[in-house]
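Asks: The structure's right below; bear with me while I get my questions together.
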Amino acid sequence: MDQVGADYENIERVRAYDEQMSKVRDFNKEIEYIVNAIDLKKEHNILEFGSGTGNFTIAAARICKKVYAIDISSNMLTYLKNKAKQRNIKNIITIQSGFLNYQHKNELVDAIITNVALHHLPDFWKMVSLYRMNKMIKPGGKIFIGDVIFSFPVEEYKDKITNFINNIENSADPGFAEDAETHIREEFSSFDWVIEGMLKRTGFTIDKIDYRNDTFAIFICTKKQ
Ligand SMILES: C[S@@+](CC[C@H](N)C(=O)[O-])C[C@H]1O[C@@H](n2cnc3c(N)ncnc32)[C@H](O)[C@@H]1O
């Protein structure tokens, strides 16, 4: 349950998250993209790991039947719950738990979403968590993974990592650039082919890999029947 890398239990960080992130991300576009990617329908029950401040969770809850929001940060979950309450949204179930210890005791879900969170686990544990997630999804259901994932040749790592940090520094505030450095130093982003191999070995068919650039990729997959 410990935070690895950036500390998302820190209340100041939680409060600043949406404003800081919106300098480098378009949340509305992301939500629209994910809703289409998983073909979200009103009868669906879905689960989000690492739900954070709840931008996707809350938008999805307006469309579908139920959203399970799982995060190890109690402050993130409280923030999400307050946001949902202000919007009179009542179909979100928040659970303080993680990729590796969450026990899903309810009906299998139609989709799992995890955006910019799986990199908190090293590769062995990523594989275990994908295996566990596969068991929580209905056959034919979807998994959506968006994350900092590397798709450059390893010999270019110095330039690519420098660019990654510089790009964030140029578009956000200095604290965020420090986060980018922490990400590289202490968190566990993988190469694309590693994630691809893990998904194939844990019972998923890869429908699409969307490379946003050589440091961010999206995997949209279906659980095998
Ligand atoms: C960078 S934030 C992403 C939040 C949100 N998904 C988004 O797209 O903005 C990462 C989130 O993952 C959570 N997290 C970190 N390690 C986790 C773990 N092992 N299991 C579940 N959530 C975790 C953090 O508490 C944080 O809320």
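The values are calculated or read from the model by the stated rules, or taken from the named source; none is laboratory data. Here the structure is a predicted model, which means the values were calculated and not measured. Positions of Cβ are generated from backbone atoms using ideal geometry, with glycine treated the same way; all protein chains shown enter the neighbour counts.
Asks: For region 58-73, give me each residue that is within 12 Å of the ligand (Cβ to nearest atom) and either touching a helix residue (DSSP H, G or I) at 6+ places or on another chain (Cβ under 6 Å) or at pLDDT below 95 (or both).
Replies: Result: Ile58, Ala59, Ala69, Asp71.
Asks: May I ask you to list pairs of residues, at least six apart or on different chains, whose Cβ atoms are under 7 Å apart, with the first in region 1-18 being without any contact (Cβ under 8 Å) to a residue 12 or more places away in the chain and within 15 Å of Ala180 (Cβ to Cβ) and the second being in a loop (DSSP other than H, G, I, E, B) and within 9 Å of the ligand (Cβ to nearest atom)?
Replies: Cβ pairs passing all conditions: Arg13/Asp7.
Asks: I need the full set of residues from region 164-193 which are closer than 23 Å to Glu48 by Cα and away from the ligand (no atom under 14 Å from the Cβ), in order please.
Replies: Answer for region 164-193, where residues must be closer than 23 Å to Glu48 by Cα and away from the ligand (no atom under 14 Å from the Cβ): Ser190, Phe191, Asp192.
Asks: Test Lys23 against the criterion of being of a type in the set (D, E, K, R) and at pLDDT below 95, and give yes or no.
Replies: Answer is yes for this residue.
Asks: Could you check how many residues of region 7-44 are within 12 Å of the ligand (Cβ to nearest atom), among the aliphatic types (A, V, I, L, M) and crowded, with 16+ Cβ neighbours inside 10 Å?
Replies: 4
Asks: Out of (1) touching a Cys at 6+ places or on another chain (Cβ under 6 Å); (2) over 30 Å from Lys200 (Cβ atoms), what's the single condition that is false for Ser74?
Replies: (1)
Asks: Shifting gears a bit: Can you tell me which of Glu196, Glu155 is charged (D, E, K, R), touching a residue at least 12 places away in the same chain (Cβ under 8 Å) and more than 22 Å from Tyr8 (Cα to Cα)?
Replies: Glu196
Asks: For residues that are surrounded by fewer than 22 Cβ atoms within 10 Å (Cβ to Cβ), in a helix (DSSP H, G or I) and within 16 Å of the chain's Cα centre (by Cα), scanning just region 132-163, find the one that is nearest to the ligand (Cβ to nearest atom).
Replies: Arg132
Asks: Does region 102-121 include one or more residues that are within 17 Å of Ala6 (Cβ to Cβ), within 16 Å of the ligand (Cβ to nearest atom) and surrounded by fewer than 15 Cβ atoms within 10 Å (Cβ to Cβ)?
Replies: no
Asks: What residue, of Gly50, Gly98, is within 14 Å of the ligand (Cβ to nearest atom) and on the phi > 0 side of the Ramachandran plot?
Replies: Details: Gly98 fails: on the phi > 0 side of the Ramachandran plot.
Step by step, each of Gly50, Gly98 is checked, and only Gly50 is within 14 Å of the ligand (Cβ to nearest atom) and on the phi > 0 side of the Ramachandran plot.
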